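Below is one structure, written out as structure tokens; comments come after it.
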Amino acid sequence: MRRNQIMKSQGLAWRSAGEGPLLLLLHGLGSSSLDWQAQLEHFSDDYRVVAIDLRGHGQSLQEGPFDVGTLAADVVRWLDEQPEPAWVVGLSLGAMVALELALQLPGKIRGLVLVNGVSECLLENPREQERYAQRLKWLRWFGMRPLAWWLGRELFPGPELAQMRRTFRQRFCRNRKKVYKALLDALPGWSARARLGAIWQPVAIISTTHDYLPLAKRVEQFAALPNATVHNPRGHHAWPAEDPSGFNHLLQRILERH
């Protein structure tokens, strides 16, 4: 593996390892490129693996606006400067950004892998509204550390994931409360669902068994994709960090098929 390098340009920071076809990794809300370390190491023998810190995260620009379109526009500018198209892997918020990349810059996208993503964030049912409101309450009333404790318990439950919980909580607390709240506030109302038919590249939908969104609901959200496959591995929302070996094996299979 070529040495893992941290680079910055035009407000974006990213980690890069390896040489070959471009494999671009996009993290979830409140996370950073650090979450993809296992993938940087595993895939760098065959790919140029790049994990980006989205705006408002990690070492990237901490100034708004923080809507999904703006986060995607940052990555579009970066990707447009690359010499080749990329396979894009996005987790949660990263999956939303990945969809926007495919819609805004289709010629630079070879395919998408969307891990526990959604095609819209409209908060139309009581369960979604309650979960979103609960996160805002924890943030407003208690702050980042208690919110990190609660999210760690939700994302990495059980004694076997204790070390991952600790790591997550330590990293999450590095987020600025004001920036994190702005990112959270910008999510409701975003939708790519009506535009999915324009994405012609292969798309792999990964929906884990213990994610917040049931498999049937996720299949419904992405039904308009013309070239999609669905995978339902056992795991929770942050599955690539929870089970790097299992995730890497599935991602390898997906990439080899195309």
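Descriptive notes on the structure:
- log₁₀ of I(q)/I(0) at q = 0.11, 0.16, 0.19, 0.22 Å⁻¹ - the stretch 138-240, Debye sum with one point per alpha carbon: -0.48, -0.91, -1.07, -1.14
- Environment charge of Pro157, counting only residues whose C-beta is closer than 14 Å and scoring Lys/Arg +1, Asp/Glu -1: 0
- Given +1 at the Cβ of Lys and Arg, -1 at the Cβ of Asp and Glu and no other charges, the dipole of the stretch 107-258 around its Cα centre is 760 debye to the nearest 20.
- Residues Lys217, Lys178, Lys108, sorted by accessible area with the largest first, give Lys178, Lys217, Lys108 [1.4 Å probe; ligands and nucleic acids excluded].
- Between Glu81 and Glu130, the contour length at 0.36 nm per residue exceeds the Cα-Cα span by 13.5 nm.
- Cut-off of 10 Å, at most 11 other beta carbons, DSSP loop: longest stretch of the chain lacking such GluC sites (Glu not before Pro): 125-258
- Here the gap between His210 and Gln62, fully extended at 0.36 nm per residue and compared with their Cα-Cα distance, gives a gain of 50.1 nm.
- Here Lys178 is the anchor, and the lysines within straight C-alpha reach of less than 28 Å, apart from those fewer than 8 places off in the same chain, are Lys8, Lys137.
- Rolling a 1.4 Å probe across the protein heavy atoms gives the stretch 59-170 an accessible surface of 45 Å² per residue.
- Think of it as helices only: each DSSP H run of n ≥ 4 in the chain is worth -39500 (n - 2.57), and spread over all residues that comes to -12000 deg cm²/dmol at 222 nm.
- Carbon + sulfur, % of accessible area of the chain - ligands and nucleic acids excluded, 1.4 Å: 52 percent
- Summing +1 for each Lys or Arg and -1 for each Asp or Glu among the other residues whose beta-carbon sits under 15 angstrom from that of Val68 gives -2.
- Site pair Lys177 and Met7 shows an inter-label distance of 3.7 nm when each label is modelled 7 Å from Cα along Cα→Cβ.
- Relative contact order %, the chain, counting alpha carbon pairs below 8 Å whose residues are six or more apart: 17 percent
- Selected from Leu213, Phe247, Val230, residue furthest toward positive end of dipole (the stretch 210-254; charges at beta carbon): Val230
- Between Trp190 and Cys121, the built amide H atoms are under 5 Å apart, and every one of these is 5 or more places off in sequence or on another chain.
- Label-point gap, in nm, between Phe142 and Glu256 - each point 7 angstrom along Cα→Cβ: 4.3 nm
- Checking (i) 1.07; (ii) 1.01; (iii) 0.93 against Rg/Rh (Cα atoms, Kirkwood Rh) calculated from these atoms, the matching label is (iii).
- For the chain, a crude dipole built from +1 on the beta carbon of Lys and Arg and -1 on the beta carbon of Asp and Glu, taken about the Cα centre, is about 860 debye to the nearest 20.
The values are calculated or read from the model by the stated rules, or taken from the named source; none is laboratory data. Owing to the predicted nature of the structure, the values given are computational and were not obtained by experimental measurement. Note that we place each Cβ from the backbone using ideal geometry, even for glycine, and neighbour counts take in every protein chain shown. Just the protein is used for accessible areas: all its heavy atoms, side chains included, with ligands, DNA and RNA removed. Shrake-Rupley method; radii C 1.70, N 1.55, O 1.52, S 1.80 Å.
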